[in-house]
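Quick notes on the structure that follows.
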Amino acid sequence: MPADFPAAIAELDRALTSIETVLDPARKKQEIAELEQQVSAPDLWDDQENAQRVTARLSALQAEQERLTSLRSRLDDLGVLVELAQEEGDPASLAEAETELASLRRSIDALEVRTLLSGEYDEREAVVTIRAEAGGVDAADFASMLLRMYLRWAERHGYGTEVYDVSYAEEAGIKSATFAVKTPFAYGTLSVEQGTHRLVRISPFDNQGRRQTSFAGVEVLPVTEEADHIDIPENELRIDVFRSSGPGGQSVNTTDSAVRITHLPSGIVVSCQNEKSQLQNKAAALRVLQSRLLERARQEREAELNALRGDGGNSWGSQMRSYVLHPYQMVKDLRTEHEESNPDGIFDGEIDAFLDSGIRWRRSAELADA
């Protein structure tokens, strides 16, 4: 039991006050009122894309405001509970207060991470691509495990997702997959996942039961917005249509509605096959292409700045996490040293601790380079 409840509560109060200063609840309240006015407009859904953006932003702001209000209320209630429990010498209430104190500390620490997302595109939604790399069929299976991991993470938090394209491997797993996470700050949160992930296990595809190491790459991009102004002339695009296919090459569409777009100057290729029409698939593929071109432009600007500074910049994109299932069970982030011994939970989407440590690590690296 904490020796000094008031000191612990005062420490949490300072932390929460600092968070409130950064997140500015008064400004958010004003923005919520403005968005509520837009949502009540009878012609809102005439433009479905804008309507979805407005309603998603409103929902996220309301959730964040409710989270702040709830934490402040719980902290105030905790102070009252401790005071009454100490006055009455009630050990059961003091034990309850200790449990609530630990819970509040975890919740406030988690919200504090959100204040560290201040990059240029951190507030954007995210487009994530997973690719099987070295390791044959095990790598393809690993890529499908990562896809499920991120989709389960989003599901646990109630975030919307949309799978744009899945390219299935011949024997098992996937060659690649591209999907969107549709919630504010998805890019800032998931961008620390970018890099090469490594899996060590007894291969279920090896009849001799040998240990296999396989790799999968994760790319995270910010969703583009109208203000980004990336013009792509039609003569720079090659657009091919083909029939969508599922595992084992099974056709899932009766028409050739899948779309592959090649950006000729850069060689970037994107495809989408999960929408119902060719037009929808083309629009989704163009959104992914815009995101890749936006990220390329950002990397070029960063390279120019690094050249001016005379250094190579942060090369934290390569191998960044190991998932070891044999001879022991451990998932470890190679940058932050954060590790956990429950790979089953991690693959089921319980990755918040890795995301939080990654965001804190990145912020520390940015401050050190400043």
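Any read-out appearing in this document is the output of simple, stated calculations on the displayed coordinates, not a laboratory observation. Note that the coordinates shown come from a computational prediction; the quantities given were computed from them, not determined experimentally. Here the Cβ is made from the backbone with ideal geometry for all residues, glycine too, and neighbour counts use every protein chain on show.
Would you kindly work out the equivalent ellipsoid of segment 5-114 from its C-alpha gyration tensor and give its semi-axes, the square roots of five times the eigenvalues, largest first in whole Å?
38, 13, 11
How much net charge surrounds ASP141 when only the other residues with a Cβ under 13 Å from the Cβ of ASP141 are counted, with Lys and Arg +1 and Asp and Glu -1?
Summing Lys/Arg as +1 and Asp/Glu as -1 gives -2.
Please return the longest range in the chain lying between exposed loop sites, taking trypsin sites (Lys or Arg not before Pro), DSSP loop only, at most 14 other beta-carbon atoms within 10 Å, and leaving the sites out.
1-209
Under 17 Å Cα-Cα from LYS29, which aspartates and glutamates qualify once same-chain neighbours fewer than 8 residues away are excluded?
Qualifying aspartates and glutamates at Cα under 17 Å: GLU20, GLU64, GLU66.
Go through segment 329-343 residue by residue and turn each phi into a ³J(HN,Hα) via Karplus (6.51, -1.76, 1.60, θ = phi - 60°); whole Hz please, and just put x for glycine and proline.
Going residue by residue, I get 10, 7, 10, 9, 7, 7, 9, 9, 6, 5, 9, 9, 10, 10, x Hz, with x marking Gly and Pro.
Given the chain, report the % of alpha carbon pairs whose separation exceeds 31 Å.
Of all Cα-Cα distances in the chain, 47 percent exceed 31 Å.
In debye, nearest 20: dipole of the chain around its Cα centre with unit charges on the Cβ of K, R (+) and D, E (-)?
It comes to approximately 1440 debye.
Counting Lys +1, Arg +1, Asp -1, Glu -1, what net charge surrounds LEU334 among other residues with beta carbon under 9 Å of its beta carbon?
Within the 9 Å Cβ shell, the charges total +2.
For LEU35, what is the net charge nearby, where nearby means another residue's Cβ is under 12 Å from its Cβ and Lys, Arg count +1, Asp, Glu -1?
+1
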